[in-house]
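*Asks:* One structure, pasted below without further comment.
Read-outs throughout are calculated quantities, based only on the coordinates presented, and are distinct from any laboratory measurement. Since the model is a prediction, treat every value here as computed from it, not as a measurement. Virtual Cβ from ideal backbone geometry, glycine too; neighbours counted across all protein chains shown.
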Amino acid sequence: MATTILRIEKLRKTYPNGNKEVLTGLDLTIGQGEIYGFLGPNGAGKTTTVNILAGLLKQDSGNIEIFGKPVASDRKNTMRRVGFVPQSIAIYPELTAYENLSVFGSVYGISRPELTNRIGKLLDLFGLEKFRDKKAASFSGGMKRSLNLMVGILHNPDLLILDEPTVGIDVQSKVVILEYLKTLNSHGTTILYTSHDMEEAEHLCTRVGIIDGGKLVAADSPEALARRFPECHDLKSVYLELTGKELRTMED
Amino acid sequence: MRKFAALLYKDLLLLVRDKAGLLFLFAMPMVLVLVMTGIQDGAVENSSKKTVSVLILDKDRDEMGREIISELQRQDLFDVTLADSTQTASEVQQAVKEGSFLIGVYIPENISSMVRNEIESSLSEMLGLGSTPQTDTLSSLKVFIDPTVNNTFRTTMMCYLREASNHIEKKALLSTISETAQEFSPFPTDSMAPPPDLKPISIDEIAYSKDAFRTNINVTEHNVPAWTLFAIFFIVISLSGGIIKERQDGSFSRLMAMTCPYSTYLMSKIVVYECVCVLQFLLVMMMGKLLFPLVGLPVFSMHGAFALCLMIVFFCALAAIGIGLTLGTFASTHQQASVLGAVTVVVLSAVGGIWVPTFLMPPFLKAVSVLSPLNWGIEAFYNVILRDGGIRSVLPNCLLLLALTVACTAVSIVAKKKI
């Protein structure tokens, strides 16, 4: 197996004032070069896991190792090699595309000439070059999602964590984003991404993990999972087989 | 440092791009100071120029009547009309009741001679010279006052009447003593001087101030610092709103995920809003200096204490920023922060003596006022502008403001870790 990039062991989390444990001993391992689809119904614990990985939440117990080192021991240096793209469009609408990238790039610590160079390349790659001096508030949903992604990859991370990066955008923008993720992966970036879109995950991911009730219920390549359940013809039916067909709420 | 510079750049851009916010931050204090100073200056001018119509019915036609009439006529405050001697007290009362005059004064017949007789009788009894014939009960002066008359005018009128009657009593006493002394004197009576007219004790009003010519605060000296402070503290709404917005749209989480220290995040906001507050003050100060004289208002002067005023503004701004950070940390929505922020600032300013000077407040509120950071600020300004205070006079209040800032920032950092 490839070098382990991310290892999560027995992760547990209950929110303050919450009466239900969201993560109930999650174990997860992602190898170098993988595009790992982290799938699960609402309230399964995907975003909680991602937020813990990003350092926005603290787990109650359990260990997380990134690049072979416990995150807690050197979070600052570890996170310099990690890109985080949250589910919400976390950019400043009042700033232009260039200013957004410039501000976040400087916070990453990228030098000015290097930053200017990278911003130019990314804007060009995502077709936003001619909108570089337009305020993000005037962008379409797809353009905003692209900018949201660009901020997360400005510093060329070795591990990219994306929380539903393609939710609510048009097909064209989705294609651009997914194609870019594949390119990024082909250059060595390991990707962990969450989604509700099974087709997208099947198309993009080298491996998927299905989480339900705060722990992983299955993890393998989409093809291997389909083989494990002969009556299922695709990832979507495997997913429904494992997580059930009843509606979920966040409280569930 | 790069992170700090990036955040500073971001916060400056966010501030500059928010045109409505800028208008609120910079136009509001200028409008407030101009309007409040204009209103208060008008009120002060009006009340000082206003005269009260007084109708006097002098039935005495003797010393007391003459003294009261001449005393009241000397005052610019009163517009005196003398009633026809055929009129009665009830007619004077009726004139006031109908609103023809605001004050009516009835000086009863023979009141001067009654005062003299009373004094003679008392003195004779005191000196054991036998009792003089019993005088009639002393008549009293009657003053009819319209209920709308301001308390200040009412008190002033009563003081003048009291002073006039005291003067008459004093003169009568001296005259009686003189006459009695002449009766018992072994020397020829014509060698004695007439009773002197005693000079009143003079009272010089000297307010503790830098400027020897000024005896009290003008509206500009209160309003410019007071409403600038109010505006400075109003930044809590803009600041807390910005923090909440960043938290809600996820950009704050993103910065934190980039391991951006929370203290750096706060520091950039502190620097930006500190600049805003200093600018607010400079703008209002310039307005007080340049615009006020053009619209007939007193010029704002810091009496050479610009540096100290700037220092006070600096610490007040820090305290306001501290409150804003705390509010931004604890409030969950922009609406919450706006309402809570506005109410907090209005209450703190009202209690702190921004709207009404603290000496006019009831004892309970006066005691509470020292807890308001706006009170620390305005008192520091008074110390510098009016009381000739140096750095030592403002240092305690500046330290209080700094302590509040440190406490608020610490609470925000600790709370953020828990959240």
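*Asks:* Taking the beta-carbon count within 10 Å as an exposure proxy, list B:Phe233, B:Phe26, B:Phe101 from fewest neighbours to most. Could you put the intermediate results ahead of the total?
*Replies:* On the way: B:Phe233 29, B:Phe26 16, B:Phe101 23.
The most exposed by this proxy come first: B:Phe26, B:Phe101, B:Phe233.
*Asks:* Also: So how do A:His196, B:His222, B:His167, A:His187 line up by other beta-carbon neighbours within 10 Å, fewest first? It would help to have the intermediate numbers written out before the result.
*Replies:* Values: A:His196 15, B:His222 21, B:His167 18, A:His187 9.
Lowest count first: A:His187, A:His196, B:His167, B:His222.
*Asks:* Tell me, what ³J(HN,Hα) does each residue in region B:342-353 have, in order and in whole Hz, if you take phi through Karplus 6.51 cos²θ - 1.76 cosθ + 1.60 with θ = phi - 60° and put x for Gly and Pro?
*Replies:* 5, 4, 4, 5, 5, 5, 4, 6, 5, 5, x, x
*Asks:* With the calculation restricted to Cα positions, what are the radius of gyration and Dmax of region A:89-156 in angstrom?
*Replies:* 10.5, 30
*Asks:* Once amide H atoms are built 1.01 Å from N in the peptide plane, which residues 5 or more positions from B:Val105, or in another chain, come under 5 Å H to H?
*Replies:* The answer is B:Leu55, B:Ile56, B:Leu57, B:Phe144.
*Asks:* Taking a ≥ b ≥ c as the square roots of the Cα gyration tensor eigenvalues, with a/c under 1.5 meaning rounded and otherwise prolate when a/b beats b/c, else oblate, which class fits region B:341-384?
*Replies:* Note, shape of region B:341-384 comes out oblate.
*Asks:* Further, regarding this structure: Considering every residue in A:98-111, what mean count of other chain Cβ atoms within 10 Å of its Cβ is obtained?
*Replies:* 5
*Asks:* Additional query: Roughly how tilted is helix B:306-330, in degrees to the nearest 10 and between 0 and 90, from the longest Cα axis of chain B?
*Replies:* Helix B:306-330 and the main axis of chain B meet at about 60 degrees.
*Asks:* Check which residues have an amide H placed less than 5 Å from A:Thr96's amide H, if you skip close sequence neighbours.
*Replies:* The answer is A:Ala136.
*Asks:* Once the other residues with Cβ under 15 Å from the Cβ of A:Glu94 are scored (Lys, Arg +1; Asp, Glu -1), what is the net sum? Intermediate results must be reported in sequence, preceding the final value.
*Replies:* Values: positive: A:Lys134, A:Lys135, A:Lys144, B:Lys10, B:Arg17, B:Lys19, B:Lys245; negative: A:Glu99, A:Asp133, B:Asp11, B:Asp18, B:Glu246, B:Asp249.
Cβ neighbours under 15 Å give a net charge of +1.
*Asks:* Would you pull out the residues with amide H under 5 Å of A:Val208's amide H, same chain only if 5 or more places away, H placed 1.01 Å from N?
*Replies:* Those qualifying (amide H under 5 Å, at least 5 residues apart or on another chain) are A:Gly37, A:Asp220, A:Ser221.
*Asks:* Mind checking the angle between helix B:19-49 and chain B's longest principal axis? C-alpha axes, 0 to 90 degrees, to the nearest 10.
*Replies:* Roughly 0 degrees between the two axes.
*Asks:* Sequence neighbours fewer than 8 away in the same chain don't count; with that in mind, list the aspartates and glutamates whose C-alpha is under 18 Å from A:Lys144.
*Replies:* Here the aspartates and glutamates satisfying the reach criterion relative to A:Lys144 are A:Glu94, A:Glu99, A:Asp124, A:Glu129, A:Asp133, A:Asp163, A:Glu164, A:Asp170, A:Glu179, B:Glu246, B:Asp249.
*Asks:* To make sure I understand, if each residue's beta carbon is the centre and we count other beta carbons within 10 Å, what order do B:Met286, B:Met267 fall in, fewest to most?
*Replies:* On the way: B:Met286 12, B:Met267 16.
Fewest to most other Cβ atoms nearby, the residues stand as B:Met286, B:Met267.
*Asks:* Quick one: what are the phi-derived ³J(HN,Hα) couplings along region B:271-286, Karplus 6.51/-1.76/1.60 with θ = phi - 60°, whole Hz, x for glycine and proline?
*Replies:* Once θ is set to phi - 60°, the couplings for region B:271-286 become 5, 4, 6, 5, 4, 4, 5, 5, 4, 4, 5, 4, 5, 5, 4, 4 Hz.
*Asks:* Rounded to the nearest 500, what is chain A's calculated 222 nm mean residue ellipticity when only DSSP H runs of at least 4 contribute -39500 (n - 2.57) each, over all residues? Spell out each step's value before the answer.
*Replies:* On the way: 9 runs with 91 residues, N = 252.
Dividing the helical sum by the residues of chain A leaves -10500 deg cm²/dmol.
*Asks:* Here is a follow-up. Classify region B:260-379: rounded, prolate or oblate, from the alpha-carbon gyration tensor (a ≥ b ≥ c, eigenvalue square roots; a/c under 1.5 rounded; otherwise prolate if a/b is larger than b/c)?
*Replies:* Note, shape of region B:260-379 comes out oblate.
*Asks:* If you plug each phi of region B:358-366 into the Karplus form 6.51 cos²θ - 1.76 cosθ + 1.60 with θ = phi - 60°, what whole-Hz ³J(HN,Hα) values come out, in order, with x for Gly and Pro?
*Replies:* Working through the residues one at a time gives 5, 5, 8, 7, x, x, 4, 5, 4 Hz.
*Asks:* Work from the charge dipole of the protein assembly as shown (Cβ charges, +1 for Lys and Arg, -1 for Asp and Glu, about the Cα centre) and give the residue of A:Tyr98, B:Phe359, B:Val384 farthest towards its positive end.
*Replies:* The residue sitting farthest along the positive end of the dipole is A:Tyr98.
*Asks:* Run the dipole for chain B about the Cα centre, Lys and Arg Cβ at +1, Asp and Glu Cβ at -1, nothing else charged, and hand back the magnitude in debye, nearest 20.
*Replies:* Numbers: 32 positive and 36 negative charges, 792 e Å.
It comes to approximately 3800 debye.
*Asks:* Where does chain B land at 222 nm, in deg cm²/dmol rounded to the nearest 500, when only DSSP H runs of n ≥ 4 count, each adding -39500 (n - 2.57), divided by all residues? Numbers along the way, then the final one.
*Replies:* Working: 15 runs with 273 residues, N = 419.
Computed mean residue ellipticity for chain B: -22000 deg cm²/dmol.
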